[in-house]
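Worksheet: the structure to be examined is printed underneath.
The values are calculated or read from the model by the stated rules, or taken from the named source; none is laboratory data. Since the structure is predicted, the reported quantities are computational estimates derived from the model, not experimental observations. Virtual Cβ from ideal backbone geometry, glycine too; neighbours counted across all protein chains shown. Keep in mind that these areas ignore ligands, DNA and RNA; they rest on the heavy atoms of the full protein, side chains included. Shrake-Rupley method; radii C 1.70, N 1.55, O 1.52, S 1.80 Å.
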Amino acid sequence: MTSSSPDYYGRRLGLPQSGPGSMATVGRRLAAVLVDWALAYGMAYLLVGDRLLRTGQFAALSLLAVMYLVGLGISGSTLGMAALGLRVGSDQGGKASLYAVGMRTVLLFLFIPAVIWDADGRGLHDRVARTMIVTTR
């Protein structure tokens, strides 16, 4: 890459501009979250039934958090991320530690860190946890 090449998300982290291993786009990340949220809501509905719309919001949110902790801890992806070809890894390379996965999940559920981004397109939750979401295909 030459110094005249345009800047892109992930460049400072040593990631390719496109293809496998590149920084995931906002659209794909948002789509993965929506898939995961729909799955969590569906599972919560199976557990609490019609109460979900009145008082069961905590059940859906709790299931989503468990999906993130288990999925990211085991494979680096939730079901939504896997479906969209994404995975969470360490910004130092390789798999994110269980501590990083836990930190990232807690911060993600505070919401505000997820909407504050750095120059590489990482949310504050990823920056603090030293993780990043990259494409797998």
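Quick notes on this one:
- In the range 112-122, the qualifying residues are those that are within 19 Å of Ala24 (Cβ to Cβ) and among the hydrophobic types (A, V, I, L, M, F, W, C), and the one that is surrounded by the most Cβ atoms within 10 Å (Cβ to Cβ) is Ala114.
- The residues of the range 83-111 that are within 20 Å of Gly27 (Cα to Cα) and modelled with pLDDT of 90 or more, listed by number, are Ala83, Leu84, Gly85, Leu86, Arg87, Val88, Gly89, Arg104, Thr105.
- Considering residues of the range 110-135 that are outside any helix (DSSP H, G or I) and basic (Lys, Arg) only, the residue nearest to Gly94 (Cα to Cα): Arg130
- Taken over the range 116-137, residues that are in contact (Cβ under 8 Å) with a residue 12 or more places away in the chain, farther than 15 Å from Tyr8 by Cα and not basic (Lys, Arg) amount to 8.
- Taken together, the residues in the range 80-109 that are open to solvent by 60 Å² or more (accessible area, probe 1.4 Å) and in a helix (DSSP H, G or I) amount to 4.
- Tabulated pairs, the range 90-107, first on the phi > 0 side of the Ramachandran plot, second open to solvent by 20 Å² or more (accessible area, probe 1.4 Å), C-beta under 9 angstrom, 6+ apart or interchain: Gly93/Gly14
- Inter-residue pairs, beta-carbon under 7 Å, first under 17 Å from Val66 (Cα atoms) and in the range 35-55, second of a type outside the set (Phe, Trp, Tyr) and outside any helix (DSSP H, G or I), 6+ apart: Asp36/Thr78; Ala44/Gly56; Val48/Gly56
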